[in-house]
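Down below is the structure, laid out as structure tokens.
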Amino acid sequence: MNSFVWQNRTRVHFGYNAVEENLANLIKEFALPGKTQVLLGYGGGSIKRNGAYDDAVKAIKDAGYDIVEFGGIMSNPTLDKMLEGVEIIKANDIALILAVGGGSAMDCCKAMAVQAAYDGDAWQDFWMDGKPMNFEPLPCGVVVTMPATGSELNPCAVLTNTETNIKCDRGYPKINPLFAVMDPEYTMTMPTRQIKAGTFDILSHIMEGYFSAPAGNWATDDMMEGLMFGLIRDFRAAVANPEDRDVRASIMWAGSLAENGFPKTGKSLDFQAHNMEHQLSAYTNCNHGEGLAVLHPTYYRHIYKDGLPKFVSFAKNVWRLNPDDYDSEEALALAGIEALDDFITEVGLPKTLREIGVDDRGMLKEIADSCFISQGAFRALTHEEILEIYEECF
Ligand code: NZQ
Ligand code: ZN
């Protein structure tokens, strides 16, 4: 196992009516004293169709604050949108930022909370240069409407700089939201496409930790195998019947469990598939979960020999393949990757870059060259090999 530090300060209220019952008190508890307004950050308007907007507005008013709205946070939020939000914060008397929505609304608001409390260029200093961040951002809490990123319970905020075509995150413990309120009922308005993309993102987060050193069986590997097995079961059930509330609630909590850092303690963390997807997204604005679904099987066929014991465990313990049916460990490992690939087909996720809107083959080299190379992978890729992977996925 590797040494690790684990910290998570987010307080979670999970359950039906969790917003109605808790949000006003949370705002009162965490708001900066002496200020009068709450900034309500959200996306393109889905929160107005599932009750989350009305519930949040009521809670803010019940807590005694005026509301400053900051809507229109796009999927794959941009640095410019984050800076626009900071201007609004500076022009007002904001006691707390409340993000309501999916990962994009949460990430943008978490980053705004950092920049609003910092005199320098937060993007350059923290996202690009990875300088230490040891000040307290503006208080920020979240109401989740879409399970996927785990942003509600983690220290990351992913932004896209559209001038440089760089999409990236940096994790600092103080970026964790102070609270996360999670009512699974809000997720019931999600389109099937987003259910699939978000749930695959959750699976990807687990795999990115699982497929990294140490390649043996460390305690949290067992936890991740259990999480993956259950998530695959729930994924199938949600596609078959999106109205099943218990299944959708289970996926919602799985999203937080997958990406709160805890299941991956002691592991190096790969995230090369994420790095490759982030740059595809930076150039083409493709959907995050769909991009991951396209990339993962091909990426794993490139690296499985470098982490063979984990790929064997994945085949046996997640896909429950019988080792007696295969004449070598390599064959078993490949069958596990094949099972993942077949599952992606079965649930109806895209399989090629062209299907997700990456249709200019000529751009692939530039995108590949812009990718961050993971140091936590079983084997560090080269930019040439990333291009090969893109070409194979095209
Ligand atoms: O914008 P609105 O109108 O709210 O609609 C959204 C959006 O169109 C919609 N949606 C969300 N909840 C809904 C709903 N529609 C109906 N009913 C609901 N209950 O779904 C669409 C996608 O939302 P978005 O927030 O963009 O999706 P997601 O949660 O997947 O977030 C994606 C962003 O998070 C980043 C991704 O790269 C991408 O930028 N990530 C953040 C991470 C983190 N903070 O830890 C880690 C991830 O690996 C990821 O990189
Ligand atoms: Zn992700």
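The values are calculated or read from the model by the stated rules, or taken from the named source; none is laboratory data. Quantities reported herein were computed from a predicted structural model and do not represent experimental measurements. Here the Cβ positions follow ideal geometry from the backbone for every residue, glycine too, while neighbour counts run over all protein chains shown. The accessibility values were calculated without ligands, DNA or RNA, using every heavy atom of the protein model including side chains. Shrake-Rupley method; radii C 1.70, N 1.55, O 1.52, S 1.80 Å.
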*State which entries of Lys110/Lys131; Lys131/Lys264; Lys131/Lys174; Lys28/Lys58 exceed 20 angstrom in Cα-Cα distance in the structure shown.*
Lys131/Lys264
_Give me the percent relative contact order of region 221-355, please, defined on Cα pairs under 8 angstrom at least 6 residues apart._
23
*Provide the packing ranking of 269-282, 88-101, 358-371, i.e. peptides ordered by the mean count of other C-beta atoms within 10 Å per residue, highest first.*
269-282, 88-101, 358-371
_At 0.36 nm per residue, and after removing the present C-alpha to C-alpha distance, how many nm does the segment from Lys35 to Arg236 gain when stretched out fully?_
67.7 nm
*asked:* Of Met188, Ala18, Ile344, which is farthest towards the positive pole of the chain's charge dipole, taken about the Cα centre with +1 and -1 on the beta-carbons of Lys, Arg and Asp, Glu respectively?
replied: Ala18
*Between Thr160 and residues 5 or more places away or on another chain, which pairs have amide H atoms under 5 Å apart, with H built 1.01 Å from N, and which residues are they?*
Thr78, Leu79
*Relative to the compact globular guide of 2.2 N^0.38 Å, what is the alpha carbon radius of gyration of the chain, as a ratio?*
0.96
_Cut-off 10 angstrom, C-alpha nodes, Gaussian network model of the chain. Which of Ser328, Ser104, Ser313 fluctuates the most?_
Ser328
_Less than 25 Å apart at the alpha-carbon level, and either on another chain or at least 8 residues along: which lysines does that give for Lys365?_
Lys167, Lys351
*On average, how much accessible surface per residue is there in region 1-125, in Å², for a 1.4 Å probe, leaving out ligands, DNA and RNA?*
45
*asked:* Under a crude label model (7 Å from the Cα following the beta-carbon direction), how far is Glu385 from Lys28 in nanometres?
replied: 5.7
*Could you go through region 264-279 in sequence order and give the Karplus-derived ³J(HN,Hα) for each residue, using 6.51 cos²θ - 1.76 cosθ + 1.60 with θ = phi - 60°, rounded to whole Hz, and x for Gly and Pro?*
9, 4, x, 10, 6, 6, 8, 6, 5, 4, 4, 4, 5, 5, 4, 6
_Karplus 3J(HN,Hα) series, Hz, for region 75-91 with 6.51 cos²θ - 1.76 cosθ + 1.60 (x for Gly, Pro)_ = 4, 6, x, 9, 4, 4, 5, 4, 5, 4, x, 5, 4, 5, 4, 5, 7
*At 37 °C and 0.692 mPa s, what whole-number value in µm²/s does Stokes-Einstein give for the translational diffusion of region 1-129, with Rh from the Kirkwood sum over Cα pairs?*
210
*Can you tell which of Cys109, Cys140, Cys286 shows the greatest fluctuation in a Gaussian network model of the chain with Cα springs below 10 Å?*
Cys286
*List every residue whose amide H lies under 5 Å from the amide H of Val68, counting only residues 5 or more places away in sequence or on a different chain, with H placed 1.01 Å from N in the peptide plane.*
Val38, Leu39, Leu40
